[in-house]
Structures are given as structure tokens and as C-alpha cells.
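Only one structure is covered here, and it is reproduced in the block below.
The values are calculated or read from the model by the stated rules, or taken from the named source; none is laboratory data. Small disclaimer: the values here were computed from a predicted structure and weren't measured. Neighbour counts run over all protein chains shown; Cβ positions are idealised from the backbone, glycine included. To get the accessible areas, we keep the full protein, side chains included, count just its heavy atoms, and leave off ligands, DNA and RNA. Shrake-Rupley method; radii C 1.70, N 1.55, O 1.52, S 1.80 Å.
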Amino acid sequence: MSRFDPPPIPDTLWRRALAQCPLARRLDEPRLTALAGLSATFLSRKRFHALAGATLDERTRVLIAMQACLPALHQGIDALRGWREILIYPGEFKARRSHHDELSGVVSETDDILIGEAWERGPLVLSLADVQLDLEQPWDGFNVVVHEMAHKFDMLDGAPDGVPLLPAHIERREWILAFQRAFDHHSDDVARGRDTLIDPYGAEAADEYFAVVSELHWSQPGVLQRAAPTVAQLLTAYYGESPAPV
């Protein structure tokens, strides 16, 4: 370890956290070793803030870091740049939204109830109850940390649009065409009231579609393969093989 490297996560603490994170526990040894190092760097660079009575201990911090770094294994620490704060609520939280009606000029405000949020160059916001639920039900197609980290990756090159910074082995044009086609198909199915294998929330916008299918890649890759095989292939190239059971 050089003097610039963060101290490793204590072995006992790492093993306690690993025992509670089935996603990480299924990684092969090389990726698990890489995850431990990346998580240590993450913990040294990010600041956790417990809000509204949330309680955070070291094990919980490691569990969040572990899940946040899992989708960054292919890109490394550079994918985690540009922000520092992690805000933790005990459960769902409210976010005030402003909407401007271009026709009438009227600005209205609403309160959305959220379990996670990612701000461009701002904090990552998480519901601790939902983080815990994802650890207890790892293969249900949902993971709030992965979802919000997908938004963070998407915002590395500006406003979220469903196209993150891509490694050299993935052609940007190929990604855009495949994801646009899949998003349009999914949105049409949702608009027509059809049942979908992909969460209907993915039809909200292209960036939400990317975040939702990222969750599926890590928790139900077989479902994603059946629903959108080209997207599944691209996400495997982007994130690496999912350790989830198929």
C-alpha cells in the first residue's frame, strides 16, 4: 500500500458486511478483491450524513459502499468522481418539485415521495429501509443503490440521458440505437397497458430506463435477457458479468 492509498477495511468488518450482501458474496475472488479495494477508497472519499433520525454504523456504511462500487468495478474509481456526499434517510423522503407550464406560464410545486435520488454533481440520497430490503431480497429485480449509481454514471458527462461515459470497447452509436429502440418499445408497451418484464417506471425517461435495466442486470439478468437481449448484452459489456443467478 502506498501512502496515497486508503487503509483497507478491517477484515472482520468486511466479512460481516459481505455475509449480508449476496450480490457481492457471489463474485469471483479477483472481483471480490477489487471490490474491497474500491470500497475502501469510496469510504475514504465520501461523507455520510444520517438525516431525520436515521442511524448509521460502520457496517451499514460498508454495505452501502459495497453496493455502490459493485457497478463501478469495470470502470474503477474514476467512475465515482464528481460528488462527495451521501444523505441517508430512515425511509421514504419527500422532494419538492417545480413544474413550469409553458402554455399558461404557471409554476406549480409538488412533493414527490422517493426512496432514492442522485443529483448532478451533488449528493446521493438513499432510504435506509430500502437499502436493507434490497439486501434481504437481492434477486427481486430492484436495487436502489444500483439505480442511483446508474444515474451518477449517466451524469458524468452532463445531464442524464441514458448514455453514460462508455469504455472504448463499446461504440456510442451502437449503445444509443439499441437503448433508444428498447426504450421506445418499452414505453409503447406501458402506454398500451401491457404487462412488461421491465419495471414500468423505466418508461418515464431514457435515463430512468437505463437505471431500471441496470437494476435488472445485477439482480435478474435472466429477465433482462428475455425482455431486451441487446440491452442485456451491452450492459454486460459495460458492467461485467452479473453474479446474480440466472
Less than 20 Å from a label point 7 Å out along the Cα-to-Cβ axis of Asp140: which backbone N atoms in the range 110-125 qualify, by residue?
113-117
Using the beta-carbon distance between Ser44 and His185 and R0 = 41 Å, what value does 1/(1 + (r/R0)^6) give for FRET efficiency, to the nearest 0.05?
0.45
If you keep only loop residues by DSSP, which chymotrypsin sites (Phe, Trp or Tyr not before Pro) in the range 1-71 have at most 10 other Cβ atoms within 10 Å of their Cβ?
Phe4
His185 accessible area, assembled protein chains, probe 1.4 Å, Å²
110
Long-range HN-HN contacts of Gly91 with modeled amide H, under 5 Å:
Leu128, Ala129
Once neighbouring chains are kept in place and the probe is 1.4 Å, which whole percent of the accessible area of the chain is contributed by carbon and sulfur?
51
How much accessible area does Glu29 have with a 1.4 Å probe, in Å² rounded to the nearest 10?
120
Using the beta-carbon distance between Lys94 and Asp157 and R0 = 25 Å, what value does 1/(1 + (r/R0)^6) give for FRET efficiency, to the nearest 0.05?
0.25
For Ile176 and Leu197, calculate 0.36 nm times their separation in residues minus their Cα-Cα distance, and state this gained length in nm to one decimal.
5.4 nm
Going highest first, how would you order 140-146, 88-94 by mean Cβ packing within 10 Å?
140-146, 88-94
Please quote Rg/Rh for the chain to two decimal places, taking the Kirkwood radius as Rh and restricting both calculations to Cα atoms.
0.97
What number do you get for the range 173-220 when its Cα radius of gyration is normalised by 2.2 N^0.38 Å, N = residues?
1.08
For Ala168 and Asp112 in the same chain, what is the full-extension length gain: residue separation times 0.36 nm, less their Cα-Cα distance, in nm?
16.4 nm
Per residue value of the accessible surface for the chain (all protein chains in place, 1.4 Å probe), Å²:
51
